Amino acid sequence: MILCCGEALIDMIPAPTARGAEGFVPHCGGAVYNTAVALGRLGAQTGMLTGLSTDMFGQQLAQGLKASHVDVSHLIHAERPTTLAFVRLVDGHATYEFFDENTAGRMIEPGDMPSLSPEITALYFGGISLACEPGADAYATLLKRNAEGRAVMLDPNIRPSFIRDIGRYRARLDRMIGLTNIVKVSDEDLNWITPEPLSLDDKVARLLGLGPSIVILTRGGDGATGYLASGEAVQVAALSAEIVDTVGAGDTFNAGVLAKLSELGALHAEGLASLDAATLTSALEHGARVAAVTVSRAGANPPWAGEL
C-alpha cells in the first residue's frame, strides 16, 4: 500500500450563483488528498494519513476518499475545524487564500502518529503539511520512524506564505529529503530551495547530493525532466489539453508517476536506487497523461484508470 501523509482540505471554488453573482462551491482538495484520490482511481492500493475534522467538511473529505477506493483506517479524527482554501482563478491558473488556524489537519502532533504495518510499502509526503507546525513536525517524525525499508516520495510544493521560521523549515525539509527516494519539485520550488544563481541542472545536483535517488523537475507546459543519481536525465513533454483550471495538476502528476512505478514493480528503495531511464520515462509519461485530464476539468478531479 502507498500511504499518502499530509493535508486534506476543502477548496472553495468560484462559481456563478442562480442570481448571477459569484459564489464558492466546496470541493475536496489538498495536495496530498488529491494524490491519494488519484492513486485510488488509477487502481493503486493506497491509503491516507491525515488529521481530519468531524465537522461537515471532514465528513465530505472522508466520503471522497472512500468513493475513490482509498483506505481510511489511518485517519486521525479531531473536533477541530477543517482547513478551507478559497481559490481565485485567473485564465485557469489558481491562487489561494487559506484559513488554517487551529484546524484538525494542522494541529496533529508527533505523539498522534500511529505505528505502520508491513503492508505499507511506500510513503508519500508533500504540500502545506510540511510547513505548518505542529503538523509538519509530526510528519517529519513519522518519516524518520518509518522510512527504512519503504519507498518514499516527497513534493514540497513550497508556499512561502505558510513558512513562519525559514531556518526551521529548511532544516526539517533537508532532513526529510535525506530520507526520501524521489523528490519532485517545480522550477519555482527548486529556485526557492537553492536561491543561488546556478543553473537548474546544478541545483538538481545539489538536491541529489542530499540523498534521493531521483529528482523530478516540472516546468508546467514545458513538461518534466527526471534526473537519476547516475547523472542520466530524461525529458517528457506536457500533453496538450484544453485547460479549465490547474487545480491539482501537480498532485495528480505525482499519482501517475507513483502508480506506474508500482505497476512496473519498481516502487521500492532498491528498485528506485537502480532505476533505468526507460522505466523513469514511462512513469513520467503516465504522470503527464493523468495531469492532462485533470487540468481539462474544474477542480481537482483526477481521472479513473478507464478514462485514460
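Below are the figures for this structure:
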quantity: Single match in 256, 287, 250 (criterion: crowded, with 19+ Cβ neighbours inside 10 Å, in contact with a Ser or Thr (Cβ under 7 Å, 6 or more places away or on another chain), small (Gly, Ala, Ser) and outside any loop (DSSP other than H, G, I, E, B)); calculated: 250
quantity: Odd one out for residue 245, checked against (1) buried (at least 20 other Cβ atoms within 10 Å of the Cβ); (2) modelled with pLDDT of 95 or more; (3) within 26 Å of residue 70 (Cβ to Cβ); calculated: (2)
quantity: Qualifying residue in the range 149-161 (condition: polar (S, T, N, Q) and surrounded by fewer than 18 Cβ atoms within 10 Å (Cβ to Cβ)); calculated: yes
quantity: Single match in 238, 229, 151, 147 (criterion: over 30 Å from residue 120 (Cα atoms), touching a strand residue (DSSP E or B) at 6+ places or on another chain (Cβ under 8 Å) and not basic (Lys, Arg)); calculated: 238
quantity: Answer from 277, 291 - the residue that is of a type outside the set (Ser, Thr, Tyr) and within 16 Å of the chain's Cα centre (by Cα); calculated: 291
quantity: Count - residues of the range 167-187 that are modelled with pLDDT under 95 and of a type in the set (Val, Ile, Thr); calculated: 0
quantity: Helices (runs of 4 or more DSSP H) (entirely within the range 122-233) containing at least 3 residues that are of a type outside the set (A, V, I, L, M, F, W, C), out of contact with any Gly (no Cβ under 9 Å at 6 or more places or on another chain) and in contact (Cβ under 8 Å) with a residue 40 or more places away in the chain; calculated: none
quantity: Wholly within the range 62-102, strands (runs of 3 or more DSSP E) carrying at least 3 residues that are modelled with pLDDT under 85; calculated: 84-90, 93-99
quantity: Test: residue 105 is closer than 19 Å to residue 47 by Cα, buried (at least 17 other Cβ atoms within 10 Å of the Cβ), touching a residue at least 12 places away in the same chain (Cβ under 8 Å) and in contact with a Gly (Cβ under 6 Å, 6 or more places away or on another chain); calculated: yes
quantity: Criterion: out of contact with any Lys or Arg (no Cβ under 6 Å at 6 or more places or on another chain), under 18 Å from residue 303 (Cα atoms) and not in a loop (DSSP other than H, G, I, E, B) - qualifying residue of 39, 3; calculated: 39
quantity: For residue 123: the one exception among (1) surrounded by 24 or more Cβ atoms within 10 Å (Cβ to Cβ); (2) over 15 Å from the mean Cα position of the chain (by Cα); calculated: (2)
quantity: Exclusive hit being surrounded by 24 or more Cβ atoms within 10 Å (Cβ to Cβ) and more than 17 Å from the chain's Cα centre (by Cα), set 29, 58, 51; calculated: 58
quantity: Matching residues in the range 135-164 - criterion: being at pLDDT 95 or above, among the charged types (D, E, K, R) and more than 23 Å from residue 209 (Cβ to Cβ); calculated: 137, 145
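The values are calculated or read from the model by the stated rules, or taken from the named source; none is laboratory data. Nothing here was measured: the structure is a model prediction, and the numbers come from that model. Counting neighbours? That spans all protein chains shown, and the Cβs are built from the backbone with ideal geometry, glycine included.
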